[in-house]
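*Asks:* There's a structure below that I have some questions on.
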Amino acid sequence: MTVTVDWYLILAAVLFVIGAAGLLVRRNAIVMFMSIELMLNAVNLTFVSVGRELRDLTGQFAVFFVLVVAAAEVVVGLAIIVSIFRTRATASVDELSEMKG
Amino acid sequence: MTELVLFFIFGALALVGGLTVVAARNPVHSAMGLMLTLFSLAVFYVVQAAHFVAAVQVIVYAGAVMTLFLFVIMLIGVDKAENLSETIRLQRPLVVLVGLTVVVVGVFVAVGGRFAWITGVVGAGPEVNGTAEAIGDDLFTTWLLPFEATSLLLIIASAGALALAFFRPRRREGKEEGAP
Amino acid sequence: MTEWIWLVIALPALGTVFLHFFGRRIGEPYAGWIASATIGSSFVIGLIAAVPFLRGEAHAETVYLFDWIPALGAHAELLWDPLSALMVLVVSGVGTLIHVYSIGYMHGDERFGRFFTYMNLFATSMLTLVLANNFAVLFLGWELVGLCSYLLISFWFTRPAAAAAGKKAFIVNRIGDFGFMIALMLVFTTFGTLSYSQVLENPGELLGAGTATAVGLLFLVGAAGKSAQIPLYVWLPDAMEGPTPVSALIHAATMVTAGVFVVARTAPIYALSETASVAVATVGAFTALLAATIAIAQRDIKRVLAYSTISQLGYMFVGVGSAAYVAGMFHLMTHAFFKALLFLGAGSVIHAMADEQNMNKMGGLFGKMKITGWTMAIATLAIAGIPPLAGFWSKDEILGTAFEKGGFYYLLWAIGLLTALLTAFYMTRMFILTFLGKPRWAEGVHPHESPRTMTVPLMVLAALSVLGGLVNTPFRLGLEHFLEPAFEGVELAHAPEGALLWILAAVSVLAGVVGILMAAALYLGPEERRERLLGQIRRPWFAMENAYWVDQMYGRTIVIPGKKLSIWAAFTFDNGVIDGIVNGVGVLVQRLAAALRPLQTGLVRNYALVLAAGVVGLVVWFLSSGGL
């Protein structure tokens, strides 16, 4: 029995769904953020696996750029969370519902 | 054979880590779970000959990004167990419903077996080897422009983070800000 | 010099802008001198540019400035031909004199600078109108002079009468402009362009007789509005609420002649339609007679002159309607001289009498105001048609041409002759009531001669009123040769020659003299006789004094129903139907929004859930619709 690309893809899909579920279920902004990171990593895994299957290095470049963008996103996102916390003293997104109709 | 063993060990670890992220009451535990998953994925990258990406994964993600996460968790003091009971009505059942749909679709696709995961020419040419040299060669030729663009993005992100850090909410006299 | 002709417009425009921003700061009298200098420079430039025409060696030239509306064939383009040259010289020449006069007349007015801003704007607009090389630019000037007329009539807007008069002038002119606009549309649909050079070159090619008549009649509607002809003349007498120099410049010498100018300009179109030409002449003749009879019985000195202006404009319409375009333009020119003089003289009198305009409270002013008196006497004789003054030559040419045409025009000639008699009568009456007889001044009024800035223009205009007619006498047809190139391809009607000329001239001079003598006998003679004679014609006199109640009739038949319709539209229709629809749409949107509002919970996770559900739904759809 050899490990085929399908296995990796299924693993990535499961991780992605776990991340998505975390995003929907948790209300701590930091945990939600981590869930998003989880989803991004799941996608990265698919890039690498498919790139290997196709004998193409492009998949790894995609991972590289996703990584950079994710890093930038984390920096700004966490800064936003910190500044929200400074004004509201909470990290719960449910309490940020001023935009309610 | 090695790959098979590694897949099962680190696949299981990755799933455990992922579930920990979602299910842990304490955000610090969530962060640890995420770290576990990240390491497991790094192993998979090595297995799939993406050496450079694996290294970056460990250094940037598991190193820098996770440190940042933990730092923020400590800074704003949410490093204790929190109540996980749902407050939004119907949120949990609907999440379960959506999740079940995904599972059903996934099973259907997997069992059906007629779904082409990968379209394109498979297995032509030599195996890829994502060494730092191979990546660097292409990165500074083919991908130079996007690469430079990411440097700009990083500068903007750090400037944005600084701006947000210096931001002080103005106190409005006598008025609770943002009351609905 | 021709390529610089745009300066004629640009200089007063520059003055307008400058005075608009700095007029108040500069103040008296420099704002007035600046305004006079700009229009004076326009006159000088126009004069230099007209020299080739005077020598009879140049052709009409167009001066292209820039593209404006290419789709209409309307570029910012000026036409410099003898006709526009004549108009430019009259407008800027008389305009300069009136500007200078205004410096004295408007002395002490707190909006001195603003007055000259408007005056310069008017000069700009009028010169644009006459220099246009296409109907679009013409219309631009046409509307702008209407605006200036409005602004200047209601210059003293704190007086309700002045404000109302400005409104009336504007609205009545709009009626005329409506016809004018339709005429332009008709021209455009027929020719596909508004450019003179293409429309007027040979209009017969594209313009059928019926369309020509329609265009001619519609231009007549526009011209009747601007030039105060039946039935749209009612605004001009009320326009006398404006300052007197305004009456002289806009409502006697220049703007009101724009209608005559337009008919002359579109002569090739009128040449195609006998009906339209006859209509122009007929309207002119009847307006001349009607206005003259009203002028007889007026008490207000400016109203006499206003109706006189209407009457004289009627003459010009008879001229251009009889295809005697040169005669019409000739009368336009001489009328500009003597009517401007009459208005300025009247202004001088009003100034001296401390703003009294009722002639019954004047009299005996001759001794106090020698210069005003003499110049007014000259103007009176000129308009009465006494040779060799200016009015005689031009009026006689119009009457002679009408007689020469014969047929229906005999009637118009007779009306013109009667009008000439009446003109001589009412002008003499005005002169006698104002300057001769015993003083009937109100208490505390001390008449005095006006300052030099006012009397010098009077004297210049008096000289022009004496000599102006000599440019086109039967002995030497100077103006006719001058203007002929502008009417190439149009058959011009001419005054008769030989014995008939002398007989007709004698008849019309006789009419003038009879008019003068009748007025002199009536108003210089014993008072009882006048009372008795006027008593016998009390009822018609009363009707004439009230201008035949035309205003009241218009009020009953048009204004009041119009107001009622407006009130209904504003309060019943608009509030009920229009607002109802608008409010209904608003309420509908509000209800819908209220129903959808709960969807926006403000909870990020809710939105994320919807997003996820959407993505999953799409995936399911893709797979089920062919992916599997």
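The values are calculated or read from the model by the stated rules, or taken from the named source; none is laboratory data. Here the structure is a predicted model, which means the values were calculated and not measured. Cβ sites come from the backbone with ideal geometry, for glycine too, and all protein chains shown count toward neighbours. When the accessible area is computed, the model is the full protein with side chains, heavy atoms only, and any ligands, DNA or RNA have been set aside. Shrake-Rupley method; radii C 1.70, N 1.55, O 1.52, S 1.80 Å.
*Asks:* Classify region B:1-154: rounded, prolate or oblate, from the alpha-carbon gyration tensor (a ≥ b ≥ c, eigenvalue square roots; a/c under 1.5 rounded; otherwise prolate if a/b is larger than b/c)?
*Replies:* Since a/c reaches 1.5 but b/c is at least a/b, the shape of region B:1-154 is classed as oblate.
*Asks:* If I model a spin label as a point 7 Å beyond the Cα along the Cα-Cβ vector, how far apart are those points for A:ARG86 and C:PHE66 in nm?
*Replies:* With each label placed 7 Å out from Cα toward Cβ, I get 5.3 nm.
*Asks:* I want to check the label-to-label distance for C:GLU57 and B:ARG92. Put each point 7 Å from Cα in the C-beta direction and report it in nm to one decimal.
*Replies:* 10.9
*Asks:* Given only helices, namely DSSP H runs of n ≥ 4 each adding -39500 (n - 2.57), what is the per-residue ellipticity at 222 nm of the protein assembly as shown, to the nearest 500 deg cm²/dmol?
*Replies:* -23000 deg cm²/dmol
*Asks:* Could you compute the FRET efficiency for A:GLU98 and C:LEU611, with r as their C-beta to C-beta distance and R0 at 25 Å, rounded to 0.05?
*Replies:* 0.80
*Asks:* Tell me the accessible surface of A:ASP56 in square angstrom (1.4 angstrom probe, heavy atoms of protein chains only), to the nearest ten.
*Replies:* The accessible area of A:ASP56 comes to roughly 70 Å².
*Asks:* Compute the angle between helix C:112-131 and the longest alpha-carbon principal axis of chain C, please, reported from 0 to 90 degrees and rounded to the nearest 10.
*Replies:* Computed tilt is about 90 degrees.
*Asks:* With Cβ to Cβ distances under 15 Å as the rule, what net charge do the other residues near C:THR193 carry (K, R +1; D, E -1)?
*Replies:* Local net charge: -4.
*Asks:* Relative to the compact globular guide of 2.2 N^0.38 Å, what is the alpha carbon radius of gyration of region C:185-293, as a ratio?
*Replies:* Here the answer is 1.18, to two decimals.
*Asks:* Let me ask you something else. Could you grab the relative contact order for region C:77-171? Cα pairs under 8 Å, six or more apart, rounded to a whole percent.
*Replies:* Numbers: 85 pairs, mean separation 23.6, N = 95.
Computed value for region C:77-171: 25 percent relative contact order.
*Asks:* Express the carbon and sulfur contribution to the solvent-accessible surface of the protein assembly as shown as a percent, rounded to the nearest whole number, probe 1.4 angstrom. Each step should come with its number before you reach the end.
*Replies:* Working: 27880 of 40390 Å².
Within the protein assembly as shown, the accessible surface is 69 percent carbon and sulfur.
*Asks:* Another one. For the pair C and A, how large is the buried accessible area, both sides, in square angstrom to the nearest 100, if the probe is 1.4 Å?
*Replies:* 1000
*Asks:* Set the bar at 23 Å for Cα to Cα. Now go through C:LYS168/C:LYS564; C:LYS302/C:LYS370; C:LYS339/C:LYS405; C:LYS226/C:LYS339; C:LYS370/C:LYS438 and name every pair that lies beyond it.
*Replies:* C:LYS339/C:LYS405
*Asks:* Between C:LEU592 and B:LEU13, what's the calculated FRET efficiency when r is the beta-carbon distance and R0 is 45 Å? Round to 0.05.
*Replies:* The value I calculate is 0.30.
*Asks:* With N set to the residue count of region C:270-342, report its C-alpha Rg divided by 2.2 N^0.38 Å to two decimal places.
*Replies:* Working: Rg = 13.1 Å, N = 73, 2.2 N^0.38 = 11.2 Å.
Cα-based Rg divided by the globular estimate yields 1.16.
*Asks:* Can I get the semi-axes of region A:5-90's equivalent ellipsoid? Compute them from the C-alpha gyration tensor as square roots of 5 times the eigenvalues, in angstrom, largest first.
*Replies:* Semi-axes, largest first: 30, 16, 4 Å.
*Asks:* For C:LEU232, what is the net charge nearby, where nearby means another residue's Cβ is under 12 Å from its Cβ and Lys, Arg count +1, Asp, Glu -1?
*Replies:* Values: positive: C:LYS168, C:ARG174, C:LYS226; negative: C:ASP177.
Summing Lys/Arg as +1 and Asp/Glu as -1 gives +2.
*Asks:* Can you give the Kirkwood hydrodynamic radius of the protein assembly as shown from its Cα pairs, in Å with one decimal?
*Replies:* Computed over Cα pairs of the protein assembly as shown, the Kirkwood hydrodynamic radius comes out at 35.2 Å.
*Asks:* Further, regarding this structure: In Å and whole numbers, how far do the C-alpha atoms of region C:245-294 stretch along each principal axis, longest first?
*Replies:* For region C:245-294, the Cα spread along each principal axis is 39, 26, 7 Å.
*Asks:* Okay, next question. Would you calculate the volume per residue, in Å³, of the smallest convex hull containing every Cα atom of chain C?
*Replies:* Enclosed volume per residue, from the Cα hull, is 235 Å³.
*Asks:* Using a probe radius of 1.4 Å on heavy atoms only, what accessible surface per residue do you get for region A:5-90? Whole Å² is fine.
*Replies:* Per-residue accessible area for region A:5-90 comes out at 30 Å².
*Asks:* Can you give the extra length, in nm with one decimal, that the chain gains between C:MET185 and C:THR275 once fully stretched, where that is 0.36 nm per residue apart less the Cα-Cα distance?
*Replies:* 30.4 nm
*Asks:* For C:HIS494, C:HIS446, what's the largest-to-smallest order of accessible area, 1.4 Å probe?
*Replies:* Ranked from most to least accessible, the order is C:HIS446, C:HIS494.
*Asks:* Which of rounded, prolate, oblate describes region C:34-122, given a ≥ b ≥ c as roots of the alpha-carbon gyration tensor eigenvalues and a/c under 1.5 marking rounded, otherwise prolate only if a/b is larger than b/c?
*Replies:* In terms of gyration-tensor shape, oblate.
*Asks:* Relative to the longest principal axis of the C-alpha atoms of chain C, give the angle of the C-alpha long axis of helix C:6-26, reported between 0 and 90° and rounded to the nearest 10°.
*Replies:* The two axes meet at around 80 degrees.
*Asks:* For the interface of B with A, what's the total buried accessible surface in square angstrom, probe 1.4 angstrom, rounded to the nearest hundred?
*Replies:* The buried area between B and A, both sides summed, comes to about 6700 Å².
*Asks:* Right, another one. Round to the nearest 10 and give me the degree value, 0 to 90, for the angle of helix C:160-191's Cα axis relative to the longest principal axis of chain C.
*Replies:* Rounded to the nearest ten degrees, it is 70.
*Asks:* Rounded, prolate or oblate: which fits region B:1-78 when a ≥ b ≥ c are the square roots of the eigenvalues of the alpha-carbon gyration tensor, with rounded for a/c under 1.5 and prolate only if a/b beats b/c? Don't jump to the answer; show the numbers that get you there.
*Replies:* Working: a/c = 5.19, a/b = 1.61, b/c = 3.23.
Here region B:1-78 falls in the oblate category.
*Asks:* So how much accessible area does B:THR2 have, in Å² to the nearest 10, using a 1.4 Å probe?
*Replies:* Result for B:THR2: roughly 100 Å² accessible.
*Asks:* A follow-up question, please. Considering only protein heavy atoms, what is the solvent-accessible area of C:PHE337 at a probe of 1.4 Å, reported in Å² to the nearest 10?
*Replies:* Rounded to the nearest 10, the figure is 20 Å².
*Asks:* Give me the 1.4 Å probe accessible area per residue for chain C, excluding ligands and nucleic acids, in Å².
*Replies:* That works out to 41 Å² for each residue.
*Asks:* Give the accessible surface of region B:1-78 per residue, rounded to a whole number of Å², with probe radius 1.4 Å and ligands, DNA and RNA excluded. Working shown, then result.
*Replies:* Details: 3140 Å² over 78 residues.
For region B:1-78, the per-residue accessible area is 40 Å².
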